[in-house]
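Read through the structure below, which is laid out as structure tokens, and then see the notes.
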Amino acid sequence: AFEDLPRRYRALGADFLVNITNDAWFGRTSAPYQHASHLVLRAIETRMGIARAANSGVSEFVDPLGYPYHHTRLDSEDAIADHLRTSDVTTLYVRWGDWVGLLSILATLGFGVVLVRSAIP
């Protein structure tokens, strides 16, 4: 869920991420799936492979393009093993941070000012 940590790890030379989590307190809701989906974003942002182990949630591997593979279901007792797919690509997000979000906010404010000024006679 915290995008700054994987970005920093990748910038410092990490090749992959491992996510070990306790999803038991989510119960049988959609939350474990949402929790696992955060890793898709982290994989795409950093172009790193991710291995996830959850005690009662979804355990899976995620490739650098964000595709989950070899995953488990909720409340299943499984052991999975596979090759972790990763890459050596360093994305602009890893290099420069969250400048797209900041740029979007500034552009929205700028367009708002232009609209207000053009509406005033």
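Summary of computed values
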read-out: Hits in region 27-63 - residues which are at positive phi and not charged (D, E, K, R); value: Gly27
read-out: Subset of region 17-26 (residues that are touching a residue at least 24 places away in the same chain (Cβ under 8 Å) and either under 12 Å from Thr90 (Cα atoms) or more than 13 Å from the chain's Cα centre (by Cα) (or both)); value: Ile20, Thr21, Asn22, Asp23, Ala24, Phe26
read-out: Residue list for region 49-86, filter: of a type in the set (S, T, N, Q), open to solvent by 20 Å² or more (accessible area, probe 1.4 Å) and either more than 16 Å from the chain's Cα centre (by Cα) or modelled with pLDDT of 95 or more (or both); value: Asn55, Ser56, Ser76
read-out: Qualifying residue in region 32-40 (condition: open to solvent by less than 90 Å² (accessible area, probe 1.4 Å), over 19 Å from Thr91 (Cβ atoms) and of a type in the set (Phe, Trp, Tyr)); value: no
read-out: Checking Phe2 against (1) hydrophobic (A, V, I, L, M, F, W, C); (2) open to solvent by 70 Å² or more (accessible area, probe 1.4 Å); (3) more than 15 Å from the chain's Cα centre (by Cα), the condition it does not meet; value: (3)
read-out: Looking only at region 5-31, and only at residues there that are charged (D, E, K, R) and more than 17 Å from Asp75 (Cα to Cα), the one that is least open to solvent (accessible area, probe 1.4 Å); value: Arg10
read-out: Complete set of residues in region 92-111 that are under 29 Å from Ser30 (Cβ atoms) and assigned to a loop (DSSP other than H, G, I, E, B); value: Asp98
read-out: Residue, least open to solvent (accessible area, probe 1.4 Å), within region 88-121, restricted to residues that are aromatic (Phe, Trp, Tyr) and without any contact (Cβ under 8 Å) to a residue 40 or more places away in the chain; value: Trp99
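The values are calculated or read from the model by the stated rules, or taken from the named source; none is laboratory data. Keep in mind that this is a model prediction, so the values were computed, not measured. So basically every Cβ, Gly included, is an ideal-geometry build from the backbone, and we count neighbours across all protein chains shown. All accessible areas refer to the heavy atoms of the entire protein, side chains included, with ligands and DNA or RNA removed. Shrake-Rupley method; radii C 1.70, N 1.55, O 1.52, S 1.80 Å.
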